[in-house]
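Here's the structure, in structure tokens; my notes come after.
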There are 2 protein chains.
Amino acid sequence: MGIILPLLTVLTLITAGILASAHETLVVSVSLSILAGWMTWKTLPQLKQAFVNARLCGIDLLKREKPVIPETMGLPTAIIYLITMFVFMPFPFMAWFGGKTGPQDTNMSGIFPHHKLGEILSAILAIQSMVLLGFADDVLDVRWRYKVWFPALAGAPLLIFYYTNCGVTDVVLPLQLRPYFGTNIHLGPLYYVYMAMLIIFCTHSINILAGINGIEAGQSLVIAVSIIINDSLYLFNNQDPASLEAHLFSLYFMLPFAGVTIALLLHNWFPAKVFVGDTYCYFAGMTLAVVGILGHFSKTLLLFFIPQIFNFIYSCPQLFKVIECPRHRMPRFNPETGLLECSTVILDAKKPTSKLGRFVIKIFYSLGLIKAFKCSSNEEDNGRVLECNNLTIINLILAYCGPMSERDTAVSLLCIQFFASVMAFFIRYKLVEYVY
Amino acid sequence: MGIILPLLTVLTLITAGILASAHETLVVSVSLSILAGWMTWKTLPQLKQAFVNARLCGIDLLKREKPVIPETMGLPTAIIYLITMFVFMPFPFMAWFGGKTGPQDTNMSGIFPHHKLGEILSAILAIQSMVLLGFADDVLDVRWRYKVWFPALAGAPLLIFYYTNCGVTDVVLPLQLRPYFGTNIHLGPLYYVYMAMLIIFCTHSINILAGINGIEAGQSLVIAVSIIINDSLYLFNNQDPASLEAHLFSLYFMLPFAGVTIALLLHNWFPAKVFVGDTYCYFAGMTLAVVGILGHFSKTLLLFFIPQIFNFIYSCPQLFKVIECPRHRMPRFNPETGLLECSTVILDAKKPTSKLGRFVIKIFYSLGLIKAFKCSSNEEDNGRVLECNNLTIINLILAYCGPMSERDTAVSLLCIQFFASVMAFFIRYKLVEYVY
């Protein structure tokens with residue numbers, strides 16, 4: 001990590017300079033984000049013992065020594081983030097304070113923009129609700145059938161605020177569909193279902209793509225930085241004040257998030273000294289979803305989530321028990337080499353795989369999406385797969401490129417995330433011309 | 001408890017009827033409050049094992065069998081409260097939805113009152129922040145020097161919103177002071193310090209007056225019901241729409257709070273089957289403080305807190321180590337009689353009491369505020385107190401009226417709380433004429 005810290009510092013200062021030149025409130029946001037990151041970086045090591053004492057700790061199974069490591073470090077990270085947002089809250093509205101009736105340099109009226117403040121409040125409320133439920137899950141170990149609805153519950157204030165704020169529920173249709181349905185389609189209540197689904201997906205998808213050091217915070221950071229870059233593109237020469245405002249709003253939430261995430265990642269990177277816990281995964285997923293919804297770029301957001309979408313769809317057969325699903329699907333640690341290998345699932349082990357299950361395996365196998373470790377020698381079975389890698393993107397990479405060290409596996413996954421973002425930008429700004 | 005449930009039901013229905021006749025949104029609020037109470041009552045028993053499994057449990061020291069009881073049951077209580085508030089949030093604004101431009105029966109303009117929605121959001125945010133920090137305290141056992149500032153931290157969004165909402169910071173002076181300072185005094189930033197202090201006081205004072213079954217939820221319930229009665233007085237024939245709105249706002253928060261608190265109290269009442277935890281004390285204190293501040297009746301609120309104020313001032317010599325303070329100051333359980341006796345402190349036990357400490361003891365003794373259990377026989381010492389009851393209101397009652405059963409002690413304390421409320425109403429509506 002010797003080179004990473006100075007590199008991050010230089011990068012941060014350059015970013016700060018660029019953003020500061022675009023909008024003065026961003027100076028405050030960038031400063032607070034750096035402060036939040038520094039505080040997180042300093043605070044986490046001091047809390048380690050308290051968390052272990054409270055039995056908020058877990059064993060790092062992918063190490064030779066099986067060290068006990070404090071868990072749920074996402075909680076202090078999220079709390080520092082929330083405090084930062086509380087402190088930051090008045091700054092976008094500074095022009096309205098101190099006897100002035102409103103900012104002189106815009107064409108806004110003198111009325112205090114309570115709807116904008118309400119937007120920030122509802123966003124923080126949704127994020128905080130998710131942190132509370134995530135922490136409760138870490139402590140109480142809630143069952144999946146309940147916690148799958150947690151994000152929708154936590155997102156409720158956001159959706160309600162969206163409703164009261166007369167939020168747009170129209171969707172612009174692709175060019176190819178316009179002759180049949182018109183330019184816009186009014187989704188109405190369906191749009192709220194879409195937003196709820198988006199919140200549930202973003203929140204859980206980060207929690208599912210987990211299990212090796214640095215991967216939860218790492219993927220969140222790549223997505224957050226992608227959003228920051230995307231927002232920055234709208235800061236300069238943007239003639240539409242609503243669009244400028246939406247992307248500023250997004251930056252206000254993403255910059256401190258990137259700050260605290262970098263700090264957490266430094267402690268969570270291989271070999272991890274802290275675990276992030278469900279609290280962090282939920283916190284990260286909700287923050288990204290909130291920003292996508294209130295910043296009105298939920299489709300772009302989903303492009304940044306391509307690896308998570310792939311991982312989710314790829315995992316579905318096991319998540320929904322179409323294929324045998326072992327309790328843990330994390331990679332296997334080989335104590336002799338010290339490297340990670342993909343963990344495998346033996347089909348038909350407990351009960352014979354269903355027809356649907358066999359079909360899915362066949363399709364995945366022919367697409368090269370699973371690596372078979374044992375095939376049937378029976379001719380009747382047509383050489384069908386009897387043992388394959390567990391259906392997660394981590395195991396897929398290890399199946400083809402492994403064995404690898406834990407650090408290299410994390411780096412590979414983050415590279416995939418990075419290239420997905422590059423592709424997302426390409427789709428968003430080049431390919432999109434053919435569709436919209 | 002056989003008589004309490006039907007009694008509560010009848011009382012609730014009467015209250016519901018009266019409130020519903022005053023304002024239609026209150027019908028929704030009362031219904032949701034009853035639902036929230038019912039859900040809390042049903043949910044808590046089902047969560048007991050999960051909390052014990054997560055080691056969120058404690059020993060009830062004041063029982064012969066020393067049973068292990070699930071702790072932190074304030075968390076599900078608070079979460080049900082918060083969900084209720086999320087669900088309730090759109091209802092006060094129903095008139096603005098569905099194509100109408102605004103309520104026809106008031107003189108408000110057609111603009112959606114985002115500042116009112118923001119007020120509700122900031123209040124929920126403050127309460128939820130306190131629940132999160134309270135839960136973190138229950139799990140991690142944070143040190144007092146840190147957690148004393150938790151309420152100020154959690155209250156930040158409220159104060160910031162108060163500021164952006166151009167909140168009044170004037171205080172009306174008593175008649176006797178007006179010739180010197182004028183009718184109003186503009187406190188400015190000092191008013192924010194006052195509000196922060198109020199939040200810190202309300203939150204911790206409920207946490208300090210604790211230690212026997214049913215006392216935390218019981219005192220909160222008496223205060224909440226007092227506030228509900230006080231609010232109801234403003235509902236009828238109120239010509240001032242701002243005052244009506246402020247007290248409606250207060251009711252919207254207090255009714256569900258009373259609902260979930262009754263349910264919690266039923267489980268926490270002697271012999272307790274669950275403990276409420278710091279989470280509940282913080283949640284209750286913050287909810288009451290928030291309502292007092294945004295409802296603009298913080299002075300009336302403080303009148304309802306008279307027993308807590310007395311208990312705090314009375315505790316100060318021990319809290320600030322002027323007098324020896326043992327680790328626990330809860331009453332002593334006599335296993336032979338099964339009754340509670342006051343716990344005592346032996347002065348000069350570890351180090352000689354300071355001059356200030358001796359002075360305080362002397363004053364308290366001469367006022368009858370401590371009961372001496374051992375006095376010096378040395379003539380030089382002038383018969384000074386060597387052992388007395390610990391300085392809490394619970395021990396004071398037990399010193400004079402004890403030994404008592406735990407249930408009777410709780411009933412006595414709740415009676416004191418009740419008479420304090422009666423006195424508060426007398427001061428607020430009768431004595432006040434001589435001062436304002």
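The values are calculated or read from the model by the stated rules, or taken from the named source; none is laboratory data. Only a predicted model underlies this, so the values are computations on that prediction, with no experimental measurement involved. For neighbour counting, all protein chains shown are included, and Cβ atoms are generated from backbone atoms with ideal geometry for every residue, glycine included.
Here is a yes/no grid of residues against (1) touching a residue at least 60 places away in the same chain (Cβ under 8 Å); (2) within 30 Å of B:Val411 (Cβ to Cβ); (3) polar (S, T, N, Q):
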site: B:Ala123; (1), (2), (3): yes, no, no
site: B:Gln128; (1), (2), (3): no, no, yes
site: B:Leu132; (1), (2), (3): no, no, no
site: B:Gly155; (1), (2), (3): yes, no, no
site: B:Thr164; (1), (2), (3): no, no, yes
site: B:Val172; (1), (2), (3): yes, no, no
site: B:Gln176; (1), (2), (3): yes, no, yes
site: B:His186; (1), (2), (3): no, no, no
site: B:Leu209; (1), (2), (3): yes, yes, no
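In the stretch A:223-233, which residues are more than 14 Å from A:Pro256 (Cβ to Cβ) and surrounded by 20 or more Cβ atoms within 10 Å (Cβ to Cβ)?
A:Ile223, A:Ser226, A:Asn230
May I ask you to list the residues in the stretch B:168-224 that are in contact with a Phe, Trp or Tyr (Cβ under 7 Å, 6 or more places away or on another chain) and on the phi > 0 side of the Ramachandran plot?
Once the filter is applied, which keeps residues that are in contact with a Phe, Trp or Tyr (Cβ under 7 Å, 6 or more places away or on another chain) and on the phi > 0 side of the Ramachandran plot, the stretch B:168-224 yields only B:Gly214.
Check A:Ala123, A:Ala156 and return the single one that is more than 8 Å from chain B (Cβ to nearest Cβ) and among the small types (Gly, Ala, Ser).
So the residue among A:Ala123, A:Ala156 that is more than 8 Å from chain B (Cβ to nearest Cβ) and among the small types (Gly, Ala, Ser) is A:Ala123.
Taking the stretch B:323-336, which residues are surrounded by 11 or more Cβ atoms within 10 Å (Cβ to Cβ) and part of a loop (DSSP other than H, G, I, E, B)?
B:Ile323, B:Glu324, B:Cys325, B:Pro326, B:His328, B:Arg329, B:Met330, B:Pro331 - these are the residues of the stretch B:323-336 that are surrounded by 11 or more Cβ atoms within 10 Å (Cβ to Cβ) and part of a loop (DSSP other than H, G, I, E, B).
Only residues that are free of Cβ contacts under 8 Å to residues at least 40 places away in the same chain and touching a Gly at 6+ places or on another chain (Cβ under 9 Å): list them for the stretch A:1-54, please.
A:Thr12
Restrict the check to the stretch B:202-220 and report whether at least one residue is modelled with pLDDT of 85 or more, surrounded by 17 or more Cβ atoms within 10 Å (Cβ to Cβ) and more than 18 Å from the chain's Cα centre (by Cα).
No, every residue in the stretch B:202-220 fails to be modelled with pLDDT of 85 or more, surrounded by 17 or more Cβ atoms within 10 Å (Cβ to Cβ) and more than 18 Å from the chain's Cα centre (by Cα).
I'm trying to understand the selection: among the residues of the stretch B:39-56, which are away from every other protein chain (no Cβ under 12 Å) and surrounded by 15 or more Cβ atoms within 10 Å (Cβ to Cβ)?
Result: B:Met39, B:Thr40, B:Trp41, B:Leu44.
Would you mind stating whether B:His247 is within 15 Å of the chain's Cα centre (by Cα) and in a helix (DSSP H, G or I)?
no
Which residues, counting only those in the stretch B:63-91, are more than 11 Å from chain A (Cβ to nearest Cβ), part of a loop (DSSP other than H, G, I, E, B) and either charged (D, E, K, R) or buried (at least 23 other Cβ atoms within 10 Å of the Cβ) (or both)?
Matches in the stretch B:63-91: B:Lys63, B:Arg64, B:Glu65, B:Lys66, B:Glu71, B:Met73.
Filter the stretch B:418-435 for residues that are touching a Leu at 6+ places or on another chain (Cβ under 9 Å) and of a type in the set (Asp, Glu) and give the result.
Correct list: empty.
Going through the stretch A:360-404 one residue at a time, which ones are touching a strand residue (DSSP E or B) at 6+ places or on another chain (Cβ under 9 Å) and in a loop (DSSP other than H, G, I, E, B)?
Selection gives A:Ile370, A:Lys371, A:Ser376, A:Asp381, A:Gly383, A:Arg384, A:Asn390, A:Leu391, A:Gly402, A:Pro403.
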